[in-house]
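Q: Just dropping this structure here.
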Amino acid sequence: MGQVTMAQALNTALRDSLRADPNVLVFGEDVGALGGVFRITEGLAAEFGEQRCFDSPLAEAGIVGTAVGMAMYGFRPVVEMQFDAFAYPAFEQITSHAAKLRNRTRGAVELPMVIRIPYGGGIGGVEHHSDSSEAYYTHTPGLTVVSPATPADAYSMLQEAITAADPVVFLEPKRRYWTKAEVELPAATEPMHRAVIRRAGTDVTLLAYGPMVATAMEAAEAARTEEGRDVEVVDLRSLSPLDEDTVCASVRKTGRAVIVHEAPVFGGYGAEVAATINRRCFHYLEAPVARVGGFDIPYPSPKLEEHHLPHTGRILDAIAELQWEEDR
Amino acid sequence: MSPEHWTRPSRPDEQTRNGTASGPAATSAVPTREQVIAGLRATSEGGADLVQLLTPEGQRVSHPDFDIEVTDEQLRGMYRDMVLVRRADREGNALQRQGQLGIWVPLLGQEAAQIGAGRAMRPQDMAFPSYREHGVAWCRGVDPTELLGIFRGTDHGSWDPNTTGMGLYTIVIGNQCLNAAGYAMGQRFEGRVGNTGGDSADNEATMTFFGDGATSQGDVHEGMVWAAVYDAPVVFFCQNNQWAISEPTERQTRVPLYERARGYGFPGIRVDGNDVLASLAVTRWALDECRHGNGPVLIEAFTYRMDAHTTSDDASRYRLDDDLEAWKLKDPIERLRVHLVREQIADQEFLDSVDAEADELAQRFRDFCVNMPEPPPERMFSEVYAEESPVVAAQRQDYLQYLDGFADSAAGGVH
């Protein structure tokens, strides 16, 4: 097969899903002739026609609000929010309707739909193009929230999300769209809600998802070569629900945990992971659970984002603070 | 009616205006902002474009575009609909006053708008309501008792949208217009619109209900944009009852609401919302247009909220009794009753039988309400996801176990 980018993997997943199920619809801003600003929908309108893949008006509430109606009618809409911060106008439709309709109708109405959101920074985007908005969605019962970190997962998890019975917020790490991997498509990786160990280790667990998995892997390698620490990296993949068992098995083994995400730390998703670890692994911990994330500031201008986004140095710093025996 | 037809013919003064060059003189006929607002404030008159088939005095009048043939049976049926729905509505108010309901949202005064619209729908159509649509619910076969759960606090709506063709009440203002537009797009994608011959009876349409206040919401605007650009078979049925809680229509708009449709590129019609015949005629036309692929359509049903916004509201703080008195003379039920009696379509025996039926409904409604079981706590944990999430499962188990700890106590409740 060969090298596949995450963008290609997502594109193939959409294509295969459109082929497999005539009820799957793809729509959003510029997803038709242009193929999306990130080309994730490239060629789909040409192959499946304007009825299956089409451009929408520039109205994000409209994209999600009409998707809700279409799903009620029996379709499986897969919609694209052009950028993370552009999805906020759709927030009400996502949280008040998509997330709740099953519960409000006591199961009479199912809403199988996927809201794809390219998220996170690292691409030098101007304002409103780099937010990590995952905590808004994970805080909403009724939503499933996932984020792939590799091309193989991007393919497998998107396909699974499209076949899911409930609305899925599918967070795509846009800075990794062009990351290549040796992948045979169609790829079937672990089930969507399972966290996976990306790198086994014994000293400390790095917990990451989406764009930060690659960063965590780099930091783990640096920790080995520079500090001689054996770091385990867990890719959470699914944020809601969280695969607590995989997380806790790793932390119980290593006794130390650092959560890494791009989003601001205060009220961030890492707090939920830390709380879970404290609840279930307290007696295994050698040190308080640490978090490395973006600062609690509005996303900075592009020239400053390298300081804002977690990188190897800051992760190594956090690891160094974990009350190692030699420091005691 | 051809799509061109809905473009309101220019008035003579407009023609003059259009025929002259631009400049101060050319715009002299344009009403000032003050004049427009004065017009909006004159809430008891719907203006020259108001479609009416039954005058407030119960006189049947004709209309060049929207006349309708109805049988005596249908007329009596709609009278019965309105009387029963009003009775359930009044009972809802009373039950709230007696502490049996947390809140009630009165429909009083809007019966004709809703029954006319609801009776224009076919079984295969879908309604996306706001929260005051008790009359529409009635027409869709949702029993009034099924509305009670929302207002007694036992559920969020107990009817099945799939089997009734009636979506759940939507509390957030205007959101349902987008859901309706999407649903209607689905109807079009599935080829359930514009069929001719044998298939035409199966053609579908969607109707969404909202108020004058909702027209300021972005979702209503977006819903109209989406419906327009995708030719979605959806009727936007706006009940302009003149008040958005305490805010008059003039706080929402500078133009009569039906005129906004022109900006989106589809017909907008203002109908006398207190005239059930006109509401039926205009809505039937609008739904047919949608079924034939000529949607969407905006209908502004010009009516009046005769009661407060909800039982929690005090309308005397912001509006005048004079207004209310003027609208009492336009009562939707009274005008049909007068018409039925004058034209000898209904006799006293029929009117009495409807009143008796209303008494029975009120009794059934009340009995059902006071006997509604408390919802079991475990219910709130269900149907969050198709497959129960591990988090919710654990919380349910923990909480039910906690409740079990009180099983032996006399009260058996939570302390």
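The values are calculated or read from the model by the stated rules, or taken from the named source; none is laboratory data. Not measured: the values here are computed from a predicted model. Methodologically, a virtual Cβ is constructed for each residue, glycine included, from the backbone with ideal geometry; neighbour enumeration extends over all protein chains shown.
Q: For residues that are touching a helix residue (DSSP H, G or I) at 6+ places or on another chain (Cβ under 6 Å) and outside any helix (DSSP H, G or I), scanning just the stretch A:146-170, find the one that is farthest from the other protein chains (Cβ to nearest Cβ). Break it down into steps so the answer makes sense when it comes.
A: As a first pass, look at the stretch A:146-170 and keep what is touching a helix residue (DSSP H, G or I) at 6+ places or on another chain (Cβ under 6 Å): A:146, A:148-149, A:151, A:154-155, A:158-159, A:162, A:167-170.
From what's left, outside any helix (DSSP H, G or I): A:146, A:148-149, A:167-170.
Values: A:Val146: 13, A:Pro148: 20, A:Ala149: 22, A:Pro167: 10, A:Val168: 11, A:Val169: 13, A:Phe170: 16 Å.
Checking each candidate, the answer is A:Ala149.
Q: Are there any pairs, at least 6 apart or on different chains, whose C-beta atoms fall under 7 Å, with the first in the stretch A:295-309 and crowded, with 16+ Cβ neighbours inside 10 Å and the second of a type in the set (Asp, Glu) and assigned to a loop (DSSP other than H, G, I, E, B), and if so, which?
A: Sorted first by the residue in the stretch A:295-309, then by its partner, the pairs are A:Tyr299/A:Asp131.
Q: Is it the case, given these coordinates, that A:Arg76 is more than 7 Å from every other protein chain (Cβ to nearest Cβ), touching a helix residue (DSSP H, G or I) at 6+ places or on another chain (Cβ under 9 Å) and among the basic types (Lys, Arg)?
A: On the way: more than 7 Å from every other protein chain (Cβ to nearest Cβ): yes; touching a helix residue (DSSP H, G or I) at 6+ places or on another chain (Cβ under 9 Å): yes; among the basic types (Lys, Arg): yes.
When the stated conditions are applied, A:Arg76 passes them.
Q: Return yes or no: is B:Asp212 at pLDDT 95 or above, under 19 Å from B:Arg284 (Cα atoms) and of a type in the set (Asp, Glu)? Give the steps one after another, and end with the answer.
A: Values: at pLDDT 95 or above: yes; under 19 Å from B:Arg284 (Cα atoms): no; of a type in the set (Asp, Glu): yes.
Answer is no for this residue.
Q: Within the stretch B:356-386, how many residues turn out to be within 25 Å of B:Thr71 (Cα to Cα) and exposed (fewer than 13 other Cβ atoms within 10 Å of the Cβ)? So that I can check it myself, show each step before the final result.
A: Residues of the stretch B:356-386 that are within 25 Å of B:Thr71 (Cα to Cα), as a first pass: B:356-358.
Right, trim to exposed (fewer than 13 other Cβ atoms within 10 Å of the Cβ) and you get B:356.
Qualifying residue count, the stretch B:356-386: 1.
Q: Please specify each residue of the stretch B:167-183 satisfying the condition of being at the interface with chain A (Cβ under 9 Å from one of its Cβ atoms) and within 17 Å of B:Cys238 (Cα to Cα).
A: Of the residues in the stretch B:167-183, the ones at the interface with chain A (Cβ under 9 Å from one of its Cβ atoms) are B:167-168, B:170-172, B:175-183.
Passing the criteria: B:Gly167, B:Thr170, B:Ile171, B:Val172, B:Asn175, B:Gln176, B:Cys177, B:Leu178, B:Asn179, B:Ala180, B:Ala181.
Q: Among the residues that make up the stretch A:185-201, is at least one of them more than 28 Å from A:Val168 (Cα to Cα) and either among the β-branched types (Val, Ile, Thr) or outside the structural domain of A:Pro151 (by TED's automatic domain parsing) (or both)?
A: Of the stretch A:185-201, the ones more than 28 Å from A:Val168 (Cα to Cα) are A:200-201.
Then keep just the ones that are either among the β-branched types (Val, Ile, Thr) or outside the structural domain of A:Pro151 (by TED's automatic domain parsing) (or both); that gives A:200-201.
Taking every residue of the stretch A:185-201 in turn, at least one turns out to be more than 28 Å from A:Val168 (Cα to Cα) and either among the β-branched types (Val, Ile, Thr) or outside the structural domain of A:Pro151 (by TED's automatic domain parsing) (or both).
Q: Here are some residues: A:His128, A:His139. Which one is within 14 Å of chain B (Cβ to nearest Cβ) and surrounded by fewer than 17 Cβ atoms within 10 Å (Cβ to Cβ)? First the steps, then the outcome.
A: Working: A:His128 fails: within 14 Å of chain B (Cβ to nearest Cβ).
Of A:His128, A:His139, the one residue that is within 14 Å of chain B (Cβ to nearest Cβ) and surrounded by fewer than 17 Cβ atoms within 10 Å (Cβ to Cβ) is A:His139.
Q: Let me ask you something else. For residues that are crowded, with 23+ Cβ neighbours inside 10 Å and within 10 Å of chain A (Cβ to nearest Cβ), tally how many sit in the stretch B:147-158. Walk me through how you get there before you give the answer.
A: Step one: filter the stretch B:147-158 for residues crowded, with 23+ Cβ neighbours inside 10 Å, giving B:147-148, B:157.
From what's left, within 10 Å of chain A (Cβ to nearest Cβ): B:157.
Selection size over the stretch B:147-158: 1.
Q: Test of understanding: among A:Phe86, A:Phe48, which residue is more than 12 Å from chain B (Cβ to nearest Cβ) and within 17 Å of B:Glu222 (Cβ to Cβ)? Steps first, answer last, please.
A: Working: A:Phe48 fails: within 17 Å of B:Glu222 (Cβ to Cβ).
Every option except A:Phe86 fails the conditions.
Q: Hey, another quick one. For the stretch B:102-116, what are the residues that are over 18 Å from B:Ala301 (Cα atoms) and surrounded by 22 or more Cβ atoms within 10 Å (Cβ to Cβ)? Steps first, answer last, please.
A: At the first step, the residues of the stretch B:102-116 found to be over 18 Å from B:Ala301 (Cα atoms) are B:102-105.
B:Trp104, B:Val105, listed by residue number.
Q: Output the number of the condition that B:Gly92 fails; it satisfies all remaining conditions of (1) touching a Pro at 6+ places or on another chain (Cβ under 7 Å); (2) crowded, with 23+ Cβ neighbours inside 10 Å.
A: (1) is the only condition that B:Gly92 fails.
Q: Checking B:Asp199 against (1) out of contact with any helix residue (DSSP H, G or I) (no Cβ under 9 Å at 6 or more places or on another chain); (2) modelled with pLDDT of 95 or more; (3) away from every other protein chain (no Cβ under 13 Å), which single condition isn't satisfied?
A: Going through (1) out of contact with any helix residue (DSSP H, G or I) (no Cβ under 9 Å at 6 or more places or on another chain); (2) modelled with pLDDT of 95 or more; (3) away from every other protein chain (no Cβ under 13 Å) one by one, B:Asp199 breaks only (2).
Q: Further question on the same structure: Please list, ordered by first then second residue, the pairs with beta carbon atoms under 7 Å, 6 or more apart or interchain, first in the stretch B:386-403 and at the interface with chain A (Cβ under 10 Å from one of its Cβ atoms), second outside any helix (DSSP H, G or I).
A: B:Ala386/A:Glu110; B:Ala386/A:Ala165; B:Ala386/A:Asp166; B:Ser389/A:Pro241; B:Pro390/A:Pro241; B:Val391/A:Pro241; B:Val392/B:Val384
Q: What are the pairs, 6+ residues apart or on separate chains, where a residue within the stretch A:1-19 that is within 13 Å of A:Glu172 (Cα to Cα) has its Cβ under 9 Å from a residue that is surrounded by fewer than 20 Cβ atoms within 10 Å (Cβ to Cβ) and among the small types (Gly, Ala, Ser)?
A: A:Thr5/A:Ala181; A:Met6/A:Ala181; A:Ala9/A:Ala181; A:Asn11/A:Gly35; A:Asn11/A:Gly43
Q: Give me the pairs, please: first residue somewhere in the stretch A:101-117 and within 16 Å of A:Pro77 (Cα to Cα), second residue anywhere and part of a helix (DSSP H, G or I) and polar (S, T, N, Q), beta-carbon distance under 7 Å, and either six or more positions apart or on two chains.
A: What qualifies is A:Val109/B:Asn162.
Q: In addition: Can you work out which of the residues in the stretch B:350-392 that are of a type in the set (S, T, N, Q) and assigned to a loop (DSSP other than H, G, I, E, B) is nearest to B:Gly102 (Cα to Cα)? Write out each step before concluding.
A: As a first pass, look at the stretch B:350-392 and keep what is of a type in the set (S, T, N, Q): B:353, B:363, B:371, B:382, B:389.
Adding the requirement that they be assigned to a loop (DSSP other than H, G, I, E, B) leaves B:371, B:382, B:389.
Working: B:Asn371: 15, B:Ser382: 24, B:Ser389: 31 Å.
It comes out as B:Asn371.
Conditions (1) at pLDDT below 95; (2) of a type in the set (A, V, I, L, M), marked per residue:
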residue: B:Gln35; (1), (2): yes, no
residue: B:Ala38; (1), (2): yes, yes
residue: B:Val70; (1), (2): no, yes
residue: B:Tyr79; (1), (2): no, no
residue: B:Glu91; (1), (2): no, no
residue: B:Val105; (1), (2): no, yes
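Q: Give all pairs with beta carbons closer than 6 Å in which a residue from the stretch A:68-82 that is in a strand (DSSP E or B) meets a residue that is basic (Lys, Arg); count only pairs at least 6 apart in sequence or on separate chains.
A: A:Glu80/A:Arg116
Q: Is there a residue in the stretch A:103-114 that is within 14 Å of chain B (Cβ to nearest Cβ), among the charged types (D, E, K, R) and not in a helix (DSSP H, G or I)? Talk me through it step by step, then tell me what you get.
A: Step one: list which residues in the stretch A:103-114 are within 14 Å of chain B (Cβ to nearest Cβ), which gives A:103-113.
Filter again for among the charged types (D, E, K, R), leaving A:104, A:106, A:110.
Now restrict to residues that are not in a helix (DSSP H, G or I): A:106, A:110.
Within the stretch A:103-114 (the criterion being within 14 Å of chain B (Cβ to nearest Cβ), among the charged types (D, E, K, R) and not in a helix (DSSP H, G or I)), the answer is yes, since at least one residue qualifies.
Q: Select from the stretch A:210-234 the residues that are without any contact (Cβ under 8 Å) to a residue 60 or more places away in the chain, assigned to a helix (DSSP H, G or I) and under 19 Å from A:Ala287 (Cα atoms) and list them in ascending order. It would help to see each step written out before you state the result.
A: Narrowing the stretch A:210-234 to residues without any contact (Cβ under 8 Å) to a residue 60 or more places away in the chain: A:217, A:220-221, A:224-225, A:228, A:230, A:232-234.
If we keep only those that are assigned to a helix (DSSP H, G or I) too, we end up with A:217, A:220-221, A:224-225.
Passing the criteria: only A:Ala220.
Q: Then there is this: I need the full set of residues from the stretch A:235-257 which are in contact with a helix residue (DSSP H, G or I) (Cβ under 6 Å, 6 or more places away or on another chain), among the charged types (D, E, K, R) and either within 12 Å of chain B (Cβ to nearest Cβ) or without any contact (Cβ under 8 Å) to a residue 12 or more places away in the chain (or both), in order please.
A: Keep residues of the stretch A:235-257 that are in contact with a helix residue (DSSP H, G or I) (Cβ under 6 Å, 6 or more places away or on another chain), which gives A:235, A:239-241, A:244, A:248, A:251-252, A:255, A:257.
This time we only want the ones that are among the charged types (D, E, K, R), so: A:235, A:244, A:252.
Across the stretch A:235-257, the qualifying residue is only A:Glu244.
Q: Further question: Going by what's in this entry, would A:Val37 be described as surrounded by fewer than 18 Cβ atoms within 10 Å (Cβ to Cβ), in a loop (DSSP other than H, G, I, E, B) and away from every other protein chain (no Cβ under 14 Å)? Full working, then the answer.
A: Numbers: surrounded by fewer than 18 Cβ atoms within 10 Å (Cβ to Cβ): yes; in a loop (DSSP other than H, G, I, E, B): yes; away from every other protein chain (no Cβ under 14 Å): yes.
Yes.
Q: While we're here: Could you check the stretch A:259-291 and list, in sequence order, the residues that are acidic (Asp, Glu) and surrounded by 22 or more Cβ atoms within 10 Å (Cβ to Cβ)?
A: Initially, the stretch A:259-291 is screened for residues acidic (Asp, Glu), giving A:262, A:272, A:286.
Once the filter is applied, which keeps residues that are acidic (Asp, Glu) and surrounded by 22 or more Cβ atoms within 10 Å (Cβ to Cβ), the stretch A:259-291 yields only A:Glu262.
Q: Considering the stretch B:68-93 alone, what residues qualify as being assigned to a helix (DSSP H, G or I), under 22 Å from the mean Cα position of the chain (by Cα) and farther than 15 Å from B:Cys139 by Cβ? Please lay out each step first, then the result.
A: We begin by selecting, within the stretch B:68-93, every residue assigned to a helix (DSSP H, G or I); these are B:72-93.
Retained after the next criterion (residues that are under 22 Å from the mean Cα position of the chain (by Cα)): B:74-93.
B:Leu75, B:Arg76, B:Arg87, B:Arg90, B:Glu91, B:Gly92, B:Asn93, listed by residue number.
Q: Now for a different question. Mind telling me which of the residues A:Glu218, A:Glu244 ends up being farther than 19 Å from A:Ala318 by Cα, within 19 Å of the chain's Cα centre (by Cα) and surrounded by fewer than 24 Cβ atoms within 10 Å (Cβ to Cβ)? Let's see the steps before the verdict.
A: Numbers: A:Glu218 fails: farther than 19 Å from A:Ala318 by Cα.
Going through A:Glu218, A:Glu244 in turn, just one is farther than 19 Å from A:Ala318 by Cα, within 19 Å of the chain's Cα centre (by Cα) and surrounded by fewer than 24 Cβ atoms within 10 Å (Cβ to Cβ): A:Glu244.
Q: Any chance the stretch A:253-265 includes a residue that's closer than 18 Å to A:Ala195 by Cα and charged (D, E, K, R)?
A: Checked the stretch A:253-265: at least one residue is closer than 18 Å to A:Ala195 by Cα and charged (D, E, K, R).
Q: For the stretch A:238-328, please list each of the helices (runs of 4 or more DSSP H) lying entirely inside it that holds at least 1 residues being within 30 Å of A:Gly124 (Cα to Cα), aliphatic (A, V, I, L, M) and in the same structural domain as A:Ala216 (by TED's automatic domain parsing). Lay out the reasoning, then the answer.
A: On the way: elements: A:244-254, A:269-281, A:305-308, A:312-320.
Helices (runs of 4 or more DSSP H) meeting the threshold: A:269-281, A:312-320.
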